[in-house]
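Take a look at the structure set out below.
Here, each number is a calculation from the coordinates, and none is a lab measurement. Since this is a predicted model, take the numbers as computed values, not measurements. Note that each Cβ is placed from the backbone with ideal geometry, even for glycine, and that neighbours are counted across all protein chains shown.
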Amino acid sequence: MMIRRAIALALAGAWLLSAQTPEYTSDNRLKLPAKYREWIFLSSGLGMTYGMAQRPDPAFDNVFVAPSAYREFQATGHWPEKTMFILEVRSSATHGSINRAGHYQSDVLAVEAGVKDSVRCGAEKWKYFDFAGVRDNPAVTSAGFPNGSACWMCHSKNGAVENTFVQFYPTLLYVARRFGTFKPSYDPKAQANPHVVSQLAK
Ligand code: HEC
């Protein structure tokens, strides 16, 4: 009985770990991790735009990272190979039920992924994916954008740590500062949150 339970636990552990690193179909398409909503939640940007026109109701950008990569970042300030992020964009709603002011989250508008995989994308290291059609099919897969995509360009130029927007993830900002892993081009003083700026200056 004990042995059977130990095997079951080991299998569950292996499954959990494998589900935290990218899995591809035989024709090289990334599978959307079924349980990304059980990953580490980093942020919910509200109505964030970077160039595109704003929607009348601001969308929420929910960012999740695989727990194993999160733990490595906490310990080193770096992202390990095969780190996987999911960005889930949801529309916002207001004045439903008892709500009279403010916004709460509603339908999924888009699900995207960012994966660190130098074997698959060479010097660019990070690859980006869009799971179009995810609203109707949660088992959707994505071929990903080719090297040099607009996704990669913006992330590579503006992300605070490697290609990732740690400047918008409050629980990671201090970790990157402690380990000194901001990109040389990133200026912590340009951080918009005055409290964070004063903390980072210490
Ligand atoms: C002009 C800049 C810009 C472009 C272009 C862009 N992003 Fe992002 N992305 C951001 C910012 C800023 C965030 C921070 C989270 C937020 O929006 O709240 C982010 C966050 C993310 C994240 C969460 C992990 C991380 O890297 O911080 C993923 C995944 C992601 N974007 C995927 C994509 C994909 C896929 C594309 C292309 C279809 C794309 N992005 C294009 C600016 C950009």
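Give the cross-link partners of Lys125 among the lysines, using a straight C-alpha distance below 22 Å as the criterion and excluding same-chain residues fewer than 8 apart.
Reachable lysines: Lys31, Lys82, Lys116, Lys157, Lys183.
Name the residue from Ala150, Ala139, Thr164 whose Cα lies farthest towards the positive end of the charge dipole of the chain, charges +1 on Cβ of Lys and Arg and -1 on Cβ of Asp and Glu.
So the residue furthest toward the plus end is Thr164.
Taking 0.36 nm per intervening residue step and subtracting the Cα-Cα distance, what contour gain separates His95 from Lys183 on full extension?
Working: separation 88, 0.36 × 88 = 31.68 nm, distance 4.20 nm.
Between His95 and Lys183, full extension yields 27.5 nm more.
Under a point-charge model restricted to the Cβ atoms of Lys and Arg (+1) and Asp and Glu (-1), what is the dipole moment magnitude of the chain relative to its Cα centre, in debye to the nearest 20?
The dipole magnitude comes to about 520 debye.
Calculate, in nm to one decimal, what Glu23 and Ala123 gain on full extension: separation in residues at 0.36 nm each, minus their alpha carbon distance.
Stretched out fully, the Glu23 to Ala123 stretch lengthens by 33.9 nm.
Taking a ≥ b ≥ c as the square roots of the eigenvalues of the Cα gyration tensor of the chain, is the shape rounded (a/c under 1.5), prolate (a/b larger than b/c) or oblate?
On the way: a/c = 1.39, a/b = 1.16, b/c = 1.20.
Note, shape of the chain comes out rounded.
Return the single residue from Gly159, Gly133, Gly102 with maximal mean-square fluctuation; model: Gaussian network over the chain, springs between Cα atoms under 10 Å.
Looking only at Gly159, Gly133, Gly102, the biggest GNM fluctuation is shown by Gly102.
Using a Gaussian network for the chain with springs between C-alpha atoms less than 10 Å apart, which of these wobbles most: Lys157, Lys31, Lys189?
Its mean-square fluctuation being the largest, the pick is Lys189.
Once fully extended, how much extra length lies between Phe41 and Ala132, figured as 0.36 nm per residue of separation less the alpha-carbon to alpha-carbon distance? Display every interim value, and only then the final one.
Numbers: separation 91, 0.36 × 91 = 32.76 nm, distance 2.19 nm.
Contour length minus the Cα-Cα distance gives 30.6 nm.
Taking only complete DSSP H runs, can you tell me which helices of the chain stretch 20 Å or more along their own long axis by Cα positions and average at least 1.0 on the Kyte-Doolittle scale? Write down the numbers at each step before the final one.
On the way: long enough: 2-18 (24 Å, 1.41).
Both cut-offs are met by 2-18.
Based on DSSP H runs of at least 4 residues, each adding -39500 (n - 2.57), what is the mean residue ellipticity at 222 nm of the chain after dividing by all its residues, to the nearest 500 deg cm²/dmol? Kindly include the intermediate steps, with their values, before the conclusion.
Numbers: 6 runs with 58 residues, N = 202.
My calculation for the chain gives -8500 deg cm²/dmol from helical runs alone.
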